[in-house]
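Comments concern the structure below.
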There are 2 protein chains.
Amino acid sequence: MLTSVIAMIEKYDMLQKGDRVVIGVSGGADSISLLHLLWSLREKYRLQLCAAHLNHGFRGEEADEDARFVESFSSQLGIPCYIRKVDVPQYRQERKVSAQLAAREVRYRFFQDIVREWGANKLALAHNRDDQAETVLLRLIRGAGLDGLCGIPPVRPGEGFVIIRPLLAVSREMIEQYCVENDLNFRTDWSNFKTVYLRNKVRLELLPYLKKEFNSQIDSLLAQTAEMLQDERNYLEQEAEKIFSELVEEVEPKKVKINLAGFKKQPVAIQRRLLRKAVIFLGGNPQDLSFNRMSELLHLIEKGRVGAIGTIKQGLVVCKGYEDFTLGEEETKPKEFFSYPLNLPGTTILPELSLIVEGKLISKSQYLLEKSMVKGGWEAFFDWEKLSLPLIIRNRRAGDRFNPLGMKGTKKLKKFFIDRKIPVQERDKIPLIVSSDGIIWVVGCQQSDLGKVTLETETVLKLKVKPLSDS
Amino acid sequence: MLTSVIAMIEKYDMLQKGDRVVIGVSGGADSISLLHLLWSLREKYRLQLCAAHLNHGFRGEEADEDARFVESFSSQLGIPCYIRKVDVPQYRQERKVSAQLAAREVRYRFFQDIVREWGANKLALAHNRDDQAETVLLRLIRGAGLDGLCGIPPVRPGEGFVIIRPLLAVSREMIEQYCVENDLNFRTDWSNFKTVYLRNKVRLELLPYLKKEFNSQIDSLLAQTAEMLQDERNYLEQEAEKIFSELVEEVEPKKVKINLAGFKKQPVAIQRRLLRKAVIFLGGNPQDLSFNRMSELLHLIEKGRVGAIGTIKQGLVVCKGYEDFTLGEEETKPKEFFSYPLNLPGTTILPELSLIVEGKLISKSQYLLEKSMVKGGWEAFFDWEKLSLPLIIRNRRAGDRFNPLGMKGTKKLKKFFIDRKIPVQERDKIPLIVSSDGIIWVVGCQQSDLGKVTLETETVLKLKVKPLSDS
């Protein structure tokens, strides 16, 4: 077995000389073998080793014995051993998660702590080829894509350290053989034999059945499949990563924008990965993107109308715009209508949009001077005498129309927004300046013919809209 | 069911208006439904339809009844029906293949013939979602990578036509329901219920077991997995195709050369695909590249010494050179030693290498003239008076040494070849011109100090080596 473990270590560059390795040791045959094996390789790789055992409190006295066993075996080998007792059942009740998930979370956190405390750079875990085969089958049964079918990775980056699994290519049988040959005792976790856990059922029923009735080599074939799929997945991930950084832009915290044309050009395999990556980027769980939900979202992005919204999960949505689509938190505010009379001359605050409007009366000559310096659509000038007061600032209402400057006749505001490719979700946020005769300015977009400055104008109203934070 | 079939057709663009479609009809529920369904869509897509039934002679009288049934149902729908009887058992015996493989080969050839005869552009087959789930499981059990786990493709190009499978997203249950609703009779192929075939065993035992004990949705999940994997595979194939055309060069019939540096830069997922594509390009079967063989070959290419040879299968090898490696037919000739005295002046034929050697004696002044016009390493000049005759032309022998022109002392020929990065398999094909004193010319590479033209030379021997075909 030593040879195939070394081959595995070399193949994946698992160990470098001088590594400090924390070994997760439950006390079972797998982890005891791993501990013994790395101990016997400690000089070859100049390793610093330490054992870490979590007493997860599921099995009372038996669990305490496990801990004592690991401690004594480690000390026989001269390896320091960290033991922590955590009440997983309590943790589980607090978080309302399954026993297996709770145990995994607690265990991982424990290992992470020990790695930090002890200044390690590697964490070695004792998963073997049977675990790999089980995982692949389990994922297939539960429904999986390529990433799921990749099973357990031999090497995976943790936070500030690397997780390695040197036994991933050896069978449980070989491990038990190794224990016999090296006269190693180990503890048996009887909960591994309860078929109430789906994983145990796969291990104890499905795999033996497949082995007997279909293919005696099924374990090693599944492990090979996992290995090949990992290589394929890694390549796809790498490509998707490149494309993600080109196409996806963070527009505000918890919101990303993706260029539609660029996205549509991608093959669907990359599209799926981009959406999953975007969800991860936003702190979500990519598992929320089930096959069907993913298909719906891709269809929405491909064929949906502008403004269409698709739900990734409660509170996280995809929203299709004209040239982009966004992924982000759903805007939970109900649609807000606002309307304020403008203080003229003076300033008016628009709390809904965090904007401030300044109104000044200026002379014609001043107007001619200032007009040439206006930049962007956030300042506008009007014929003060021609405006029917009061002026108000508000957002759009159904049926709004106006007469864009230089155009004959009026146009529906909605049509104007559509022509300007302003996404639906933006439209309620665009302030309008309205006189008693109608809209005189679609702020940031378009002035109206109504109230425009002409040759006859004597006093000019200058309006300037800017973010509250600027003032 | 009609809706989901139409959705499938649209999703994969299976039908275009005016298509001529041959439908493979065994007479079972699947193919009878497919025939009926496409018949009911004939106006929507303006289809020309024709049924094709193969009587494969496995089941005697029953098979004849199947044929009559398909014929009569087709004629009820007003669809022409082609029937052919082929003795598959005999075909099978001739080719020594399994009954299932023989049936598949014969069936495919039959469909191909009908497609051509009838001028069709599509072939519709009745595989359904259960078939898909079975295929994925079967492949997994037999050992597969990504491509195998993709299962049955909904659309696949044939030779001059396209194979479509409009029922691939519907379950057998839905199909049987469709038969009931549309009052369709169908034939039952009892051989589908023999569990001696692994596929039937998967269908009749494994899938029901998984459905009952693990996941009642397993069929549709496996079909979803297949669909996702297909998208991933298609992308990888597309990428590999591009890289293949950049890196792989056909150097002679049945032999391709791949640049080593370029190959090594690729991720292993692409490397595997490149090798598989190269094998297909050479007319081989990519299934010969088992997981282990593939790993060995990749290791040989990555780490093997120059000249190392790896077997893909009997007669097909990978051979590592300095800057490239080749895939091609194994050179079955045993190593041949050759040796011929040179006719001087005159010509000598070298049949082993299809070369001809011309020897001429020329004056010093003629030499000075000709020397300036020599191109490449295929002509050389010697001091005729200083050569110890006879001269012979031969390939290398163990222990050969020579004194390269301009160098002090002799050098092993082997070392010289290594320094020049001449691949092992080329070395026996390099002719040497040898006098009684030793090697005077490594043809095409390097002249020796021995016999070189000096200021004192009066008569010059000019040797020229060229392909036999040039003369």
Test set (1) surrounded by 13 or more Cβ atoms within 10 Å (Cβ to Cβ); (2) modelled with pLDDT under 90; (3) within 14 Å of another protein chain (Cβ to nearest Cβ) - B:Y322 fails condition number: (3)
Top-ranked residue in the stretch B:218-245 [being over 15 Å from A:G148 (Cβ atoms) and either of a type in the set (V, I, T) or under 17 Å from the mean Cα position of the chain (by Cα) (or both); ranked as nearest to the other protein chains (Cβ to nearest Cβ)]: B:Q238
Which numbered condition A:L35 fails, given (1) over 12 Å from A:P166 (Cβ atoms); (2) touching a Ser or Thr at 6+ places or on another chain (Cβ under 8 Å): (1)
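What are the residues in the stretch A:396-410 that are under 43 Å from the mean Cα position of the chain (by Cα) and surrounded by 15 or more Cβ atoms within 10 Å (Cβ to Cβ), if any? So that I can check it myself, show each step before the final result.
To start, the set of residues in the stretch A:396-410 that are under 43 Å from the mean Cα position of the chain (by Cα) comprises A:396-401.
Listed by number, the residues that qualify are A:R396, A:D400.
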Residue count, the stretch B:384-431 (criterion: of a type in the set (D, E, K, R) and outside any loop (DSSP other than H, G, I, E, B)): 11
Residues that are within 14 Å of chain A (Cβ to nearest Cβ), at pLDDT 85 or above and loosely packed, with under 15 Cβ neighbours inside 10 Å, drawn from the stretch B:184-210: B:E205, B:P208
Contacts under 7 angstrom Cβ, first residue in the stretch A:143-160 being free of Cβ contacts under 8 Å to residues at least 24 places away in the same chain, partner surrounded by 14 or more Cβ atoms within 10 Å (Cβ to Cβ) and not polar (S, T, N, Q), 6 or more apart: A:G148/A:R139; A:R156/A:I163
Any pair with Cβ under 6 angstrom, 6 or more apart, that starts in the stretch B:196-217 at a residue that is closer than 24 Å to A:Y197 by Cβ and without any contact (Cβ under 8 Å) to a residue 40 or more places away in the chain and ends at one that is basic (K, R) and part of a helix (DSSP H, G or I): none
Some residue of the stretch A:239-246 being crowded, with 20+ Cβ neighbours inside 10 Å and either among the charged types (D, E, K, R) or in the same structural domain as A:R305 (by TED's automatic domain parsing) (or both): no
Near pairs, Cβ below 6 angstrom, 6+ apart or cross-chain, from the stretch B:391-409 (over 17 Å from B:K429 (Cβ atoms) and in the same structural domain as B:E426 (by TED's automatic domain parsing)) to any residue that is among the acidic types (D, E) and in a loop (DSSP other than H, G, I, E, B): B:N403/B:D449; B:L405/B:D449
Top-ranked residue in the stretch B:251-272 [being surrounded by 13 or more Cβ atoms within 10 Å (Cβ to Cβ) and more than 15 Å from B:C319 (Cβ to Cβ); ranked as farthest from the other protein chains (Cβ to nearest Cβ)]: B:G262
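Quick grid of which residues meet (1) outside any strand (DSSP E or B); (2) in contact (Cβ under 8 Å) with a residue 40 or more places away in the chain:
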| position | (1), (2) |
| --- | --- |
| B:L236 | yes, yes |
| B:V251 | no, yes |
| B:K264 | yes, no |
| B:A269 | yes, no |
| B:L274 | yes, no |
| B:V279 | yes, yes |
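With respect to B:G377, is the statement that it is closer than 27 Å to B:E458 by Cα, within 40 Å of the chain's Cα centre (by Cα) and not β-branched (V, I, T) true?
Details: closer than 27 Å to B:E458 by Cα: yes; within 40 Å of the chain's Cα centre (by Cα): yes; not β-branched (V, I, T): yes.
Judged against the criteria, B:G377 is a match.
With the requirement that a residue be among the polar types (S, T, N, Q) and closer than 19 Å to B:A223 by Cβ, what does the stretch B:113-139 give you? Walk me through how you get there before you give the answer.
Step one: of the stretch B:113-139, the residues among the polar types (S, T, N, Q) are B:121, B:128, B:132, B:135.
Answer for the stretch B:113-139, where residues must be among the polar types (S, T, N, Q) and closer than 19 Å to B:A223 by Cβ: B:N128, B:Q132, B:T135.
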Entirely in the stretch B:1-120, the helices (runs of 4 or more DSSP H) that have 2 or more residues that are closer than 30 Å to A:K303 by Cβ and in contact with a Pro (Cβ under 9 Å, 6 or more places away or on another chain): B:2-11, B:29-40
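The values are calculated or read from the model by the stated rules, or taken from the named source; none is laboratory data. All values reported here derive from a predicted model rather than from experimental measurement. All Cβ positions, glycine included, derive from the backbone under ideal geometry; neighbour counts span all protein chains shown.
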